[in-house]
Number of protein chains: 2
Amino acid sequence: MASTDLRVIAAHLEGLEETIIHRLIDRAQFRHNPEVYVHGASGFPDGGTNSLFDLRLLHQERMDAVFGRFVVPEEQPYHATLPQPARRVGLSGNPLDPHGCAAVNRVPEIVSDYLAFVPLLCESGDDGQYGSSVEHDVLAVQAISRRVHYGALYVGESKYRANPDRVRAAASGADEHARSELIALITRQDVEERILLRVAEKVDYVQASLNPQVRRRVDPDIVLQLYRDTIIPLTKEGEVDYLIARAFQPPGS
Amino acid sequence: MASTDLRVIAAHLEGLEETIIHRLIDRAQFRHNPEVYVHGASGFPDGGTNSLFDLRLLHQERMDAVFGRFVVPEEQPYHATLPQPARRVGLSGNPLDPHGCAAVNRVPEIVSDYLAFVPLLCESGDDGQYGSSVEHDVLAVQAISRRVHYGALYVGESKYRANPDRVRAAASGADEHARSELIALITRQDVEERILLRVAEKVDYVQASLNPQVRRRVDPDIVLQLYRDTIIPLTKEGEVDYLIARAFQPPGS
């Protein structure tokens, strides 16, 4: 888990694909249930302007924070203010740069992209299964987020180590220019296309034994789209965040 | 969801199989990590004699209770004392008998059987991924529990309605005798065998595209065993609990 070898990292990212696919398919067994995303309609007496989804994400992150989830660099929270861990997380160290890690949190975009994606994933309408819907939403967001941040941090560190001078040169321009130079530097079109094909194939395989009379089938193209438009681009944006912070350490660090 | 038609109920139970399989496979990506099941070793300062698994189950159930999970009859908690729901659950009514529902809670046995099953499911040893392990354990237990209780309650009600006199006659003997009569009455060996075959097949299909270098493969026979030795028998025991309570309503009800 703590390697900077690109092949080891790619293998780990590949192993996370099934979990994402499983969670999306499980969410798709419920209807869209748009009511759960309506601000102020959580049904909680103290819910304020939150939706039921907002509250589920908050409660899940509070619980997970207590269990130490966000001590792990690839586990980034949506909420800035969360309880301290009640236990010491015993994972061994990682090869990442702490300033780089601190610079990467793409969860807000993952959440907003995911919420825009739910109507494609699920049958439209309302089946009353609000609790189950938001439960599965949050599990899906967490699986996507783990993949995005693991990729951003570990691929970022690996590419930095492979050629620190080139990364520093690319990162040294004006902000927007530096970002697009870095994006160009880290983009491997052939790898991305292989991932998209593999993911779409997996969605098909995973559902090969599905009985369409008892379970909703998810279109592989929909999941491919999520990878193409959200997961891969946000991984790369996160990688750029990491590389810029990695290249320019604050003084005294 | 609210039907007493055996075919509709069987279809719903079949649709729950993939979720159970997904969660078991996701848990199997981590090692056994026996430390997380050791009483008193949770690492929480106020953890008492709890294991990390015990605490995760407790925190999850507390959160879920607030969101209204246990208002739904097939969602039974492990813990007797949990917070009240903070929202009204909007699901429409069900055709079940409330006394029957109140008589069925097989979660303690599901938990103990599941914990005995983890060493078969996972690679032995310790990978330090304690938080992820207990997170997936609890999700797996909940998926299994939903299946067991949905089957117990809805199949129970359906069989009662099909022949209330015969159920009452079988249920009227002395306790142990009545249970074995009812078990005989509800057992359909051919249906059970079909379920076992189908589940094992699904485990294979779901993993057909798996890359064994990046992801651990779960043996279909292991999941078949969990269905054969835990899920099906506990569904039937729960069905008997339901039928006895259904047949003998307390006076004044």
Pairwise Cα inverse-distance average, inverted: Kirkwood Rh of region B:1-132 (Å) = 17.2
How big is the Rg/Rh ratio for chain A, C-alpha atoms only, Rh by Kirkwood, two decimals?
-> 0.99
Over all Cα pairs of region A:65-151, how is the pair count split among 5 Å bins, expressed in % and running from 0 up to the last occupied bin?
-> 3, 11, 20, 22, 18, 11, 8, 5, 2, 0
Order B:V118, A:V38, most accessible first, counting only protein heavy atoms with a 1.4 angstrom probe.
-> A:V38, B:V118
222 nm mean residue ellipticity, helices alone, for chain B (DSSP H n ≥ 4; -39,500 (n - 2.57); rounded to 500) = -18500 deg cm²/dmol
Output for the protein assembly as shown (equivalent-ellipsoid semi-axes, sqrt of 5λ from the C-alpha gyration tensor, Å, descending) is 44, 23, 22
What base-10 log of the normalised intensity I(q)/I(0) is obtained for region B:68-107 from the Debye formula, alpha carbons as equal point scatterers, at q = 0.18, 0.20, 0.30, 0.32 Å⁻¹?
-> -0.56, -0.69, -1.23, -1.27
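State the extension gain, in nm to one decimal, for the chain segment bounded by B:N211 and B:S180, taking 0.36 nm per residue of separation less the distance between their alpha-carbons.
Between B:N211 and B:S180, full extension yields an extra 6.6 nm.
Can you list the trypsin sites (Lys or Arg not before Pro) in region A:131-207 that are in a DSSP coil and have 16 or fewer other beta carbons within 10 angstrom?
Filter output for region A:131-207: A:R188.
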Per DSSP, the loop-located chymotrypsin sites (Phe, Trp or Tyr not before Pro) within region A:170-253 having at most 16 other beta carbons within 10 Å are A:F248
With each label point set 7 Å from Cα along the Cα-Cβ vector, what nm distance links B:F248 and B:R161?
-> 2.5
Give me a single rounded figure for A:90-99: the average over its residues of other chain Cβ atoms within 10 Å of their Cβ.
-> 1
Relative intensity, log₁₀ I(q)/I(0), of region B:159-253 from a Debye sum that treats every alpha carbon as a point, q = 0.13, 0.22 Å⁻¹ = -0.59, -1.06
Using only alpha carbon pairs under 8 Å that are at least six residues apart, calculate the relative contact order of chain A and give it in whole percent.
-> 29
Expressed as a percent, the accessible surface of the protein assembly as shown that is carbon or sulfur, using a 1.4 Å probe and the full set of protein chains, is 52
Expected integer from the mean partner chain Cβ neighbour count at 10 Å over B:131-138 is 3
Relative contact order (%) - region B:130-245, alpha-carbon pairs under 8 angstrom, separation at least six | 45
Taking Rh as the Kirkwood radius, which is the inverse of the mean 1/r over Cα pairs, what is the Rg/Rh value for region B:153-205?
-> 1.15
Estimated distance in nm for a label pair at A:I222 and B:H39, the labels positioned 7 Å out from Cα along Cα-to-Cβ | 4.6
Which of the lysines could be linked to A:K202 by a straight reach, that is with a Cα gap under 18 Å, when you skip same-chain ones fewer than 8 residues away?
-> B:K202
Quick one: grab Rg to one decimal and Dmax as a whole number for region A:199-253, Cα atoms only, in Å.
-> 19.0, 63
Pull out the extension gain between A:V191 and A:R62, defined as 0.36 nm times the separation in residues minus the alpha carbon to alpha carbon distance; nm, one decimal.
-> 42.8 nm
In the A-B interface, the accessible area buried, summed over both sides, Å² (probe 1.4 Å) | 4000
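The values are calculated or read from the model by the stated rules, or taken from the named source; none is laboratory data. Since the structure is predicted, the reported quantities are computational estimates derived from the model, not experimental observations. For neighbour counting, all protein chains shown are included, and Cβ atoms are generated from backbone atoms with ideal geometry for every residue, glycine included. SASA here: full protein model, heavy atoms, side chains in, ligands and nucleic acids out. Shrake-Rupley method; radii C 1.70, N 1.55, O 1.52, S 1.80 Å.
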